[in-house]
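Okay, so here's the structure we're looking at.
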Amino acid sequence: MPHAPPLGSLLRRYAAGSALACEPVEQGLLNRGYRLCTTRGRYFLKHHFDPDTADPAAIERRHLATLRLAALGVPVAPPLADRDGRTVAVVGGHAYALHPWIDGRHRHGGQLTRGECARLGALLGAVHACLERVMPPKGRTRPATSPHPVESADPADTFALIDDLLAHVSRHRPADAFDELARHRLLERRALLEQHAARRPPRGASVGWVHGDFHPFNLLYKDDAPAAIVDWDRLGVQPRAEEAVRAAAIFFVRPAGALDLRKVRAYARAYRRAAGATPSELAAAVHRVWWERLNDFWMLRWHYERGDTRADPQFPAASALAVWWTGEYDAVCDAFAQ
């Protein structure tokens with residue numbers, strides 16, 4: 001088994017019995033997870049592999065947040081404590097955490113009814129509201145490392161990146177269908193940015209504590225109800241309404257790159273009520289996330305700069321979304337803010 005965790009050492013720390021089976025969980029881009037069955041039960045073993053989030057002290061702070069959220073009724077899967085009361089085990093320089101196994105499945109927005117979309121929005125709104133209760137005041141903490149900076153992207157930097165990525169595409173041999181789509185989207189995006197460069201948004205405002213990575217693979221359902229929000233590695237202080245918009249852009253994007261705006265509307269109304277967010281906050285967030293999507297090429301950077309193709313299946317819909325969103329900008333704003 002690749003990257004096999006040190007099960008003997010870990011299970012002795014947790015008094016979790018002897019291992020019967022340990023299988024990698026394939027989903028997840030930044031950390032390694034394992035479905036672990038022992039003589040004492042079933043667990044999820046997480047290897048905190050991403051160097052940006054693997055500091056043991058920071059992991060334990062995030063664990064404490066999930067324990068507090070659980071006490072407020074938020075569906076989470078808090079970690080188990082070892083014999084010494086710690087929730088992070090460092091073995092061989094690597095950080096691990098043991099969680100109860102949650103029976104559940106991931107559901108995309110296309111599998112949700114409009115009522116379930118509203119429930120999803122209410123859940124994220126409750127997460128944001130509860131985080132404000134259990135986390136330190138925003139002024140007394142340093143925001144966690146996040147892939148979503150408050151400063152909006154500078155189109156001059158994006159034009160340079162597009163040129164660099166186009167050079168990568170032209171050098172790739174043999175050229176394939178992914179290269180063809182990448183080149184098309186890069187040229188298309190450059191034209192859109194030239195047309196809309198003057199619409200760069202100002203710095204974000206109205207920050208609060210957020211999950212940081214709320215999407216279908218980080219939410220487990222049991223039957224039709226959310227059972228657990230997982231992967232709190234990006235917990236930090238960011239513009240809250242932007243997380244709501246980003247999540248919707250992942251949950252409710254169709255394969256051709258359009259958003260299901262009827263479902264977005266149900267989700268957004270429930271989110272606003274639960275989080276106490278105003279329509280103007282959501283409208284501003286829509287503008288900032290739209291701009292973010294126009295300037296974002298992380299999937300292509302993974303593919304061409306790192307040789308990492310795990311995000312490739314997401315690229316067709318995600319890259320089409322930025323184009324569709326630009327053409328339907330007013331309708332998207334209305335769906336989130338009305």
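The values are calculated or read from the model by the stated rules, or taken from the named source; none is laboratory data. None of the values given here were measured: they were computed from a predicted structure. Every residue, glycine as well, gets a Cβ built from its backbone with ideal geometry; the counts of neighbours run over all protein chains shown. Heavy atoms of the whole protein, side chains included, go into the accessibility calculation; ligands, DNA and RNA do not. Shrake-Rupley method; radii C 1.70, N 1.55, O 1.52, S 1.80 Å.
A quick yes/no check of all residues on (1) of a type in the set (A, V, I, L, M); (2) open to solvent by less than 40 Å² (accessible area, probe 1.4 Å); (3) farther than 16 Å from ALA182 by Cα; (4) in contact with a Pro (Cβ under 9 Å, 6 or more places away or on another chain):
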residue: PRO279; (1), (2), (3), (4): no, no, yes, no
residue: TYR304; (1), (2), (3), (4): no, yes, no, no
residue: GLY307; (1), (2), (3), (4): no, no, no, no
residue: SER319; (1), (2), (3), (4): no, yes, no, no
residue: VAL323; (1), (2), (3), (4): yes, no, no, no
residue: ALA331; (1), (2), (3), (4): yes, yes, yes, no
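Let's see how each residue does on (1) free of Cβ contacts under 8 Å to residues at least 24 places away in the same chain; (2) farther than 27 Å from ARG62 by Cβ; (3) of a type in the set (S, T, N, Q); (4) crowded, with 22+ Cβ neighbours inside 10 Å:
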| position | (1), (2), (3), (4) |
| --- | --- |
| HIS211 | no, no, no, yes |
| ALA227 | no, no, no, no |
| ASP233 | no, no, no, yes |
| VAL245 | no, no, no, yes |
| ARG265 | no, yes, no, no |
| HIS287 | no, yes, no, no |
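Residue by residue, here is whether (1) farther than 16 Å from GLY125 by Cα; (2) modelled with pLDDT under 95 holds:
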position	(1), (2)
ALA198	yes, no
VAL210	no, no
PHE217	yes, yes
LEU220	yes, no
ALA228	no, no
GLN238	no, yes
Just one of ARG288, ARG301, ARG293 is more than 16 Å from GLU243 (Cβ to Cβ) and modelled with pLDDT of 95 or more; which is it? ARG301
Inter-residue pairs, beta-carbon under 7 Å, first closer than 13 Å to ARG12 by Cα and in the range 84-96, second surrounded by 10 or more Cβ atoms within 10 Å (Cβ to Cβ) and of a type in the set (Lys, Arg), 6+ apart: ALA89/ARG13
Do you know which of the residues in the range 82-106 that are in contact with a Leu (Cβ under 9 Å, 6 or more places away or on another chain) and part of a loop (DSSP other than H, G, I, E, B) is surrounded by the fewest Cβ atoms within 10 Å (Cβ to Cβ)? ASP103
Restricting to strands (runs of 3 or more DSSP E) lying wholly in the range 4-76: which have 3 or more residues that are closer than 16 Å to ASN218 by Cβ? 41-48
Pair list, Cβ < 7 Å and 6+ apart or interchain, from the range 102-120 residues that are more than 15 Å from VAL230 (Cα to Cα) to residues that are among the hydroxyl-bearing types (Ser, Thr, Tyr) and in a helix (DSSP H, G or I): CYS117/TYR267; ALA118/TYR267
Is at least one residue of the range 180-191 open to solvent by 70 Å² or more (accessible area, probe 1.4 Å), of a type in the set (D, E, K, R), more than 24 Å from GLU242 (Cα to Cα) and at pLDDT 95 or above? yes
